[in-house]
Each structure stands twice: as structure tokens, then as C-alpha cells.
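Reading through the C-alpha cells given below for one structure.
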Amino acid sequence: MSRKAKNFQMGEPVIKDEVIEEDFNVMFKNGEYVEVKQEEIEQNPFVENNNSEEFPEEIKLEPKKSDSEIENVSTEISALKCKICQKRMPRNSLKMIKSEDDMIVLTAIFDVEVFKEYIATYVCLSHIQAIIDDNEAILKFAGTPFEKCLRLFIAKNKRFIRVRTLQRGICKVCHKLKPLSESYTISSKNIRAVIMIGCILRGTHSVEQAKYYITNNNGSTCYSHRKESIDMIFEYLGISNIQEFFKCPRISMGGLVDIAKNFDSDFTVDQFSRAFHSLYMKKPKNAPSNS
């Protein structure tokens, strides 16, 4: 590359053309073009044109986090873990345990580690409701200090759950909090008895739990328990559909009625037959015709 050198003589500029045997390259740096000698480029191979799209090997770009990763983090933050079952639940399905009475009852009944006050502890509402359902009917008198604590627990938490579940219902069979659109309100005592026969056959409920369910004024029940009980009764009778049910001899239903007599001594075969048919016809909305 050639350039012109300027000489000054007696105040008058005299311009002479002179070739300087040096090689230069031009690069854009700090907002202006500057000259870089070839030997400087050879000594520093990473001096390149700023328009280059290549990166040195040691420079690696971090991948951008996807929206799904961000959503997963957000979901984990909004869900909290139940101290008892260790499942993550939405905040509105849990209660923060603060009082000493609540800690005593939950620790004794579920045999969990002692709750520590300085750690936020959450418990599913379903566990609290289960304690209420299993003990309210039988705990008429509080004699021991623990029974007094348990009665206080039941009274206090019944009010808490009632406020929390205005738009939701706790199933009286599985004690889980469900939207009202996913459950029945079963007012018939005999239909409840049929559901409990199925639950006892499945081994999920005791006679005491069945007594509480059929006498409770609130008969909120998940749709799923209807089919579970129907399937268990069909299996017990050795049949597969409602047409075969009507052909079953009364003596075949005697064993099912005997189960019900453990929690309802006045239950009869006729009541069982009518209640079972009513339960079978009590299908969820938008259910298939053969369910």
C-alpha cells in the first residue's frame, strides 16, 4: 500500500510522492478505522474483520432456555409437597400447619416425623378430611388429653375446609378434593350402601367407615367410585352386564346384603336390587351408554 508523505519547507508545503514499502491492513476498532500491520496480524491470528461470523473454538454460546423449561420451573414453584404423602399438590389443596394441636394430631395419627415450627409444613386437605370422617362420629366424649386435642382439631378444621371448598367438594369415599363437576351428590342411603358394599369388597373401607358414609348428610362422591362398585358387584355375582343382574336369583345377592347388614341392619335384598339399578342408571354427564 502506498501513501503520500508531507514535507514542509519555509512555511510552504511541498508535496512529494514517495512510496513506503510497508504492508498495512485496515480494521474497524473503537468507532474508527485503524491500520494494522501484517506482522501484527500474523502474531495475533484472532484479529479478524468484525463482520466475521466465526467464533474462536474456546468461545461457546450458551443455549437459550426453552419456554417449556420455564413453564416447568413455574409449575414446580406453584406446587408444594404434602408432609404426609410427599406428593406435590396445588396450594389450594393444602393447609399450612401452624398450631401445636394440629401437629400433635397429625403426628400421632400418621406417624410422621415431628413437625418443626421453623419449616413451613403443608398437608393435603384430604388427610385432614379423613381424620374428621374417621373420628367425628365415634368421638362423642373427650376423656384423655389427646381426645380433647382431636376434638378441637376436628371442630377447627371442619370450618377451615368448609370455607376452602365452596366451589369444590371433598369426596366422602376417598376424601380427595374434587371439582363439583366431577362428583355426584348421592342423597339415597341405600345407593350409598351399594357403593360401600363395593368398597368393602375391594378392601378399601372398614365397616366403621361405611357407617359414617351412609349416615353423613353430605353424600359427595367421585364418579369413579360408581363404576368401581358396579364392577366389584358384577365380579362377585359372576356376571358382566345389567341384563344378567336382573336374572340373578335372590339367594345369590344374599352375601352382598349380609355385607351391608354390618353397617345397616335393616338392609334387604329388594332395597339392594333397586338401589343397584338406580346406581347403574346414575351415569356421569357425557358418559358412554355402555358404562
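The values are calculated or read from the model by the stated rules, or taken from the named source; none is laboratory data. Because the structure is a prediction, the values reported are computed rather than measured. Glycine gets a Cβ as well: all are built from the backbone with ideal geometry, and neighbour counts include every protein chain shown. We work out accessible area using only protein heavy atoms, side chains counted, and drop any ligands, DNA or RNA first. Shrake-Rupley method; radii C 1.70, N 1.55, O 1.52, S 1.80 Å.
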* To do: Would you mind counting up the charge near GLN209? Only other residues with Cβ under 10 Å from its Cβ, with Lys and Arg at +1 and Asp and Glu at -1.
  => -1
* State in Å² the accessible area per residue of segment 79-166; use a 1.4 Å probe, count heavy atoms of protein chains only, and round to the nearest integer. => 59 Å²
* **Förster radius 35 Å - calculated FRET efficiency between GLN243 and PHE110, Cβ distance, rounded to 0.05** => 0.20
* Structure fact -> The answer for segment 177-281, accessible area per residue at 1.4 Å probe in Å², is 48 Å²
* Put +1 on the Cβ of every Lys and Arg and -1 on every Asp and Glu Cβ in segment 177-281; which of TYR280, ASN241, CYS199 then has its Cα farthest towards the positive end of the dipole? -> TYR280
* Please give, to one decimal in nm, the separation of the simple spin-label points placed at PHE146 and SER224, each 7 Å out from Cα toward the Cβ. => 3.1 nm
* Structure fact -> Distribution output for segment 177-281: share of Cα-Cα pairs per 10 Å bin in percent, first bin at 0, values 15, 52, 28, 4
* **Accessible-area composition of segment 79-166, carbon plus sulfur, in percent [1.4 Å probe]** => 57 percent
* Structure fact -> Percent of all alpha-carbon pairs of segment 79-166 at distances over 19 Å, whole number, is 36 percent
* Asked: Of CYS124, THR144, ASN157, which is farthest along the charge dipole of segment 118-157 in the positive direction, counting Lys and Arg as +1 and Asp and Glu as -1 at C-beta?
  -> THR144
